[in-house]
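S.K.: Just passing along the structure, written as structure tokens.
The values are calculated or read from the model by the stated rules, or taken from the named source; none is laboratory data. Since the structure is predicted, the reported quantities are computational estimates derived from the model, not experimental observations. Cβ coordinates were reconstructed from backbone atoms using ideal geometry, including for glycine residues, and neighbour counts include every protein chain displayed. Surface areas here come from the heavy atoms of the whole protein model, side chains and all, with no ligands, DNA or RNA. Shrake-Rupley method; radii C 1.70, N 1.55, O 1.52, S 1.80 Å.
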Amino acid sequence: MTLPPFSSSRPLTLGVELELQLVNTYDYDLVDSTTDLLRLLKKKGKDWDVKPEITQGMVEMATGICTSHADVFGQLDEIRQGIVECADRLDIGVCGGGTHAFQHWSERRIYDTPRFDQLSSLYGYLAKQFTIFGQHVHVGCDNADEALILLHLLSGFIPHFIALSASSPFVQGNDTGFHSARLNSVFSFPLSGRAPLVETWDSFGEYFDSMMATGIVKSMKDFYWDIRPKPEYGTIEVRVMDTPLTVGKAAQIAAFIQSLARYLTLERPYSPQEKDYLVYTFNRFQACRFGYEGVYVSPRNHEHRSLSEEILDTLDKIESHAIALKADEACAALRREVLTASSDVDWLRRQHAQTKSLAEVVQRQCARWRA
């Protein structure tokens, strides 16, 4: 297989994917009801994109091509409502969150597809540990070279995306101390992390061919990068976010990414350089571990400041672009969260402090997803 051509798409259009948890309603552990849920959804006769994920107890919902925050929210909410209605018929719950609070990966079952079976054979127990739940945002690009430039410019904002979406403090019954523990599972994969700094599709094709020649890569799906190009869609795909606890929050994050992409595309405040990645792993870890309170180191001037300050400064820079895209209310909501140190992680930990029960926390997550 060779690298497919990059399909042109309308710049700054969006596509959003959310991976969701399916749980039983007696102890709120994950439940192997993926097949039954998909069967009921199909009977509704709607053109909804809902499909299985690597293990039972997961589904992925996705929008079509969206132009605005309102469009993203409308599509996500319609699919959310349909999933909840079908889940009610099966007497199961559905919720967001980047990890399930207390499930044990060893109890999971791989969903039976050739791709998932191949991943299980290749990665062993890591495949079951991939029972984690993320939000992916696709951004449309006019051409392949512009897509690669935007990919590298957006890479400097990976900590922002992690902190704003973080919703995975609990793993296998324990508070990890992380805001996004989910990404620790992603980092286990050998082809995770950042994309190589190439700025033309021809150069990327040479890199892809070299990786193909090694025998460890067969398609773009084998790269688990934080941001990767999706040539068949004509997009770049931002992949570091936890699934938020509501579709409203997911739509706000998509609006933030769209506004930031417009700012970077039209103003082009700087050009990608390899030195931009010197502090990439450090900044990403700080966001995963501490959220808004993490340290952000500027790759350009080496200034240290809190990630909350950096996010607020970014929101100031992109405000006119958010207004142009009618995303200003969504970005204002994210600003309020940062200013008040509110987050999905904070909400989850407060629920646990109140109930002393992770099962109760998951039950409340399901109630929040319904609302």
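S.K.: Return yes when Thr235 is under 18 Å from the mean Cα position of the chain (by Cα), under 18 Å from Leu197 (Cα atoms), at pLDDT 95 or above and open to solvent by 10 Å² or more (accessible area, probe 1.4 Å) and no when it is not.
M.R.: Answer is yes for this residue.
S.K.: Do any helices (runs of 4 or more DSSP H) entirely within segment 289-371 hold 2 or more residues that are within 30 Å of Cys86 (Cα to Cα) and modelled with pLDDT of 95 or more, and if so, which?
M.R.: Working: elements: 307-317, 319-324, 328-339, 344-355, 358-370.
Result: 344-355, 358-370.
S.K.: Further question on the same structure: Mind listing just one residue for me: the one in segment 118-154 that is open to solvent by 10 Å² or more (accessible area, probe 1.4 Å) and of a type in the set (S, T, N, Q) and, of those, nearest to Arg349 (Cα to Cα)?
M.R.: Filtering segment 118-154 for residues that are open to solvent by 10 Å² or more (accessible area, probe 1.4 Å) and of a type in the set (S, T, N, Q), the one nearest to Arg349 (Cα to Cα) comes out as Gln129.
S.K.: Here's a follow-up. Taking the condition of being more than 16 Å from Asp145 (Cβ to Cβ), in contact with an Asp or Glu (Cβ under 9 Å, 6 or more places away or on another chain) and not basic (Lys, Arg), how many residues in segment 226-239 meet it?
M.R.: Selection size over segment 226-239: 2.
S.K.: Does Ala163 meet the test of being at pLDDT 95 or above, farther than 25 Å from Gly64 by Cα and aliphatic (A, V, I, L, M)? If you could, list the steps in order and put the result at the bottom.
M.R.: Numbers: at pLDDT 95 or above: yes; farther than 25 Å from Gly64 by Cα: yes; aliphatic (A, V, I, L, M): yes.
Judged against the criteria, Ala163 is a match.
S.K.: Find the residue count for segment 50-69, including only residues that are over 17 Å from Gly234 (Cβ atoms), open to solvent by 10 Å² or more (accessible area, probe 1.4 Å) and more than 15 Å from the chain's Cα centre (by Cα).
M.R.: Of the residues in segment 50-69, 6 are over 17 Å from Gly234 (Cβ atoms), open to solvent by 10 Å² or more (accessible area, probe 1.4 Å) and more than 15 Å from the chain's Cα centre (by Cα).
S.K.: Of everything in segment 155-186, what is touching a strand residue (DSSP E or B) at 6+ places or on another chain (Cβ under 7 Å) and within 21 Å of Asp222 (Cα to Cα)? Give them in sequence order.
M.R.: Ser155, Ile158, Arg182, Leu183, Val186
S.K.: In this structure, is Ser155 of a type in the set (Ser, Thr, Tyr) and more than 30 Å from Arg305 (Cα to Cα)? Spell out the reasoning first.
M.R.: Numbers: of a type in the set (Ser, Thr, Tyr): yes; more than 30 Å from Arg305 (Cα to Cα): no.
It is false that Ser155 is of a type in the set (Ser, Thr, Tyr) and more than 30 Å from Arg305 (Cα to Cα).
S.K.: Here's another thing I want to ask about it. Checking Val84 against (1) open to solvent by 10 Å² or more (accessible area, probe 1.4 Å); (2) within 25 Å of Pro114 (Cα to Cα); (3) not aromatic (Phe, Trp, Tyr), which test does it fail?
M.R.: (2)
S.K.: Look through Arg336, Arg289 and report the one residue that is under 19 Å from the mean Cα position of the chain (by Cα) and open to solvent by 40 Å² or more (accessible area, probe 1.4 Å). Spell out the reasoning first.
M.R.: Values: Arg336 fails: under 19 Å from the mean Cα position of the chain (by Cα).
Only one candidate passes the filter, namely Arg289.
S.K.: Hey, another quick one. Any residue in segment 77-100 that is farther than 17 Å from Gln365 by Cβ and hydrophobic (A, V, I, L, M, F, W, C) sitting within a Cβ distance under 6 Å of a residue that is open to solvent by 20 Å² or more (accessible area, probe 1.4 Å) and part of a loop (DSSP other than H, G, I, E, B)? List the pairs, counting only those 6 or more apart or interchain.
M.R.: Final answer for the pair search is Ile79/Trp48.
S.K.: Anything in segment 212-232 that is open to solvent by 30 Å² or more (accessible area, probe 1.4 Å) and either touching a His at 6+ places or on another chain (Cβ under 6 Å) or outside any loop (DSSP other than H, G, I, E, B) (or both)? List them, or say none.
M.R.: Taking segment 212-232 first, the residues open to solvent by 30 Å² or more (accessible area, probe 1.4 Å) are 212-216, 218, 221, 232.
Matches in segment 212-232: Met212, Ala213, Thr214, Lys221.
S.K.: Any residue at all in segment 252-260 that's open to solvent by 30 Å² or more (accessible area, probe 1.4 Å) and free of Cβ contacts under 8 Å to residues at least 40 places away in the same chain?
M.R.: Looking only at segment 252-260, we keep the residues that are open to solvent by 30 Å² or more (accessible area, probe 1.4 Å), and these are 252.
With the extra rule that they be free of Cβ contacts under 8 Å to residues at least 40 places away in the same chain, the set shrinks to none.
No: zero hits.
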